[in-house]
1. Enumerate the residues in region 235-252 having an amide nitrogen under 11 Å from the point lying 7 Å beyond the Cα of residue 220 toward its Cβ.
2. Non-local amide H neighbours of residue 129 (under 5 Å, H modeled in plane, Pro and chain starts lacking H): which ones?
3. Using r as the Cβ-Cβ distance of residue 93 and residue 54, and R0 as 45 Å, what FRET efficiency do you calculate, to the nearest 0.05?
4. Using label points projected 7 Å from each Cα along Cα→Cβ, tell me how many nm separate residue 247 and residue 264, to one decimal.
5. Could you compute the net charge surrounding residue 42? Neighbours are other residues with a C-beta less than 10 Å from the C-beta of residue 42; K and R count +1, D and E count -1.
6. Can you flag which of 113/251; 113/172; 170/251 are past 24 Å Cα-Cα?
7. For 200, 355, 343, what's the fewest-to-most ordering of other Cβ within 10 Å of each Cβ?
8. Given the Cα-Cα distance of residue 35 and residue 155 and 0.36 nm per residue of separation, how much length would full extension add, in nm?
Amino acid sequence: MKFLRQIAFGAAVFAFLASPLLAKAEATNNIPDFNEVYNLLQTHLAGETKADLDRAAVQGLLSQLHSRVSIVSGNNEGNKSSSNAQLLAKSALYDGPIAYLRVGTVEEGLVDKIRAAYNDLNGTNKLKGVILDLRFADGHNYAAAASAADLFLTKEAPLLDVGNGVVRSKSKSDAITLPVAILVNRQTTGAAEALAGVLRITDRAMILGTNTAGEASIDKEFPLKNGQRLRIATAEIKLGDGQTLPAQGIKPDIQVSVSPDDEKTYFADPFKEIFKPATQIAGLGLSGTNSPNGTNRSSRRLNEAELMRERKDGPDREAATIGSPSRTAEEEKPVIRDPVLGRALDLIKGISALRQFRTS
């Protein structure tokens, strides 16, 4: 119980003292001096020792500055998540045909993985586009992020500035020139954020999903007396156009929000149907075949892509095909339920159709 009080105390105190936004919003003379507050607490706060206050202070700082400051264990456990993650976690072919490439972590070697997977998918199919899924992707190798972005660029252009000069793409004739959609979420961090940002500023991709984590920075580690290390964001990452990757995260071009639980389910299986209680479906205001009382649909929540298709095709389309021997094979194919992925597929198809129209 005392430990919980210490955490709560640290979070409360340093939510006030350590918040950068508050420091900017308030006048300087309205912010109490840290030493003054600390000394008063040490003198008058009942039941807390100096060690308790020190621990709460450190916890409060780490909590408030979590995106820019972290503790790294002496045995490098803090680096295991990135080093053990797959560079390219999945490659698949979705309707279109469209190449789907899921990045696990942005580190050295990712370029070769993307190029090999793309060539494999493109070898027997005339691809119409590429979806680069950076949801839950991380990494600290910003040179790898720039190299991965370079795969999609034909001309020389500024990509990233990581503190030692601007990294530029190279002019080439074998770049991947198909339309690109990038999927992101709140767990898109570090170098994965930089990769998304670079492809957007170079007009090579549109970003779909929710804001990224806002944790792209140049980090440096400092040894601590207890054997751990303090990782501090010592410099910001700048895109080739001079923009700094924002602390609030990269805002997608197309916002598609999904609950965290549903997102994890769709991430594991994009064809998975998630059934919801009838009251939740009724809250969507659906009627006819989309109603929970209808006879033509199971009681499940339709995602945004499905609702758009339903509106486009009309309510009679499904009724006319049920039980009919003329139902096409296309209608029997599994349906992508993942709202973010479904929206990206529709986007790629639309861009591809527009390109074809312009060249015809």
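Each reported figure results from applying straightforward, stated rules to the coordinates on display, with no laboratory input. Bear in mind the structure is a predicted one, so any value in this text is a computation, not a measurement. All Cβ positions, even for glycine, are placed from backbone atoms using ideal geometry, and neighbour counts span all protein chains on display.
1. Answer for region 235-252: 235.
2. The list, which skips near neighbours in sequence, is 99.
3. Working: r = 56 Å, r/R0 = 1.24.
That pair, residue 93 with residue 54, gives E of 0.20.
4. Spacing of the two 7 Å Cα→Cβ label points: 2.9 nm.
5. Numbers: positive: 50; negative: 48, 52, 54.
Net charge in that neighbourhood comes out at -2.
6. Numbers: 113/251 27 Å; 113/172 19 Å; 170/251 27 Å.
From the list (113/251; 113/172; 170/251), the Cα-Cα distance tops 24 Å for 113/251; 170/251.
7. Values: 200 19, 355 14, 343 22.
If I rank by nearby Cβ atoms, fewest first, I get 355, 200, 343.
8. Details: separation 120, 0.36 × 120 = 43.20 nm, distance 5.50 nm.
Extending this stretch completely gives an extra 37.7 nm.
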